[in-house]
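Contents: one structure, followed by commentary.
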Amino acid sequence: MSIDHDNYSDDYIRQILSEVKTVAVVGASANNVRPSYFVVKYLLSKGFDVIPVNPGHAGREIAGVMTAADLQSIERPIDMVDIFRNSQAAAGVVDEALRLDPLPKVIWMQLSVRNEEAAAKAEAAGVKVVMNRCPKIEYARLCGEIGWAGVRSGVISSKKPSMQSGFQRFGIVVRKD
């Protein structure tokens, strides 16, 4: 199955975000005004098991979670590798992810991060790929939260999102077509 990396269907993104549980955020920052820090905090608040990956901060906490030096040092299976590095550096991260056993289910490259060769290599290994998207934004869009800020989400549904434990915590609206 060939994926159009310029136009992901909502179902493709929804399936990924519904199935992954453990997310390694490569390039996570301890600086609480950086986007990678926001993503770590947000995914934690949604119940994901998040492992920040930053060699310069390894062994210390980011957003209350212990930071790993690299993917190889994470001692549990990783469902998704979220890449907060530039497009060129993404290739090395994908190579490292493809050496994991078991393989991650998803390689996710953040906004403005695209590497077609790395994506093709991951897909050839059976790993799903998302490029130039943010899981925080996509999750908020698909569960309706992004609309609270007046942002047009492109998702129209008469189905009420399911409330989860926590403060105003909605899950992704699952379509039953």
Original post:
Along the three principal axes, how long is the range 1-91 when you take its alpha carbons, biggest first, rounded to the nearest angstrom?
Top reply: 40, 31, 28
Subject >> Percent RCO, i.e. relative contact order, over the range 1-157, from Cα pairs under 8 Å lying at least 6 residues apart >> reply: 19
**OP:** Please sort 115-122, 3-10 by packing, taking for each peptide the average over its residues of neighbouring beta carbons within 10 angstrom, highest first.
**Re:** 115-122, 3-10
Original post:
At Glu123 and Ser9, where each label point lies 7 Å from the Cα along Cα→Cβ, what is the point-to-point distance in nanometres?
Top reply: 1.5
**OP:** Using the number of other C-beta atoms within 10 angstrom as an exposure proxy, rank Val23, Val33 with the fewest first.
**Re:** Val33, Val23
Subject >> Exposure proxy ranking, count of Cβ atoms within 10 Å, fewest first, for Phe84, Phe38, Phe48 >> reply: Phe38, Phe48, Phe84
Subject >> Positive-end residue, the range 10-135 charge dipole about Cα centroid, Cβ charges, pick of Pro35, Met80, Ile16 >> reply: Pro35
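Coordinate-derived values only; no laboratory data. What you are looking at is a predicted structure, and each value in this text was computed from that prediction instead of being measured. FYI the Cβ positions are ideal-geometry reconstructions off the backbone, even for glycines, and counts take in every protein chain you see.
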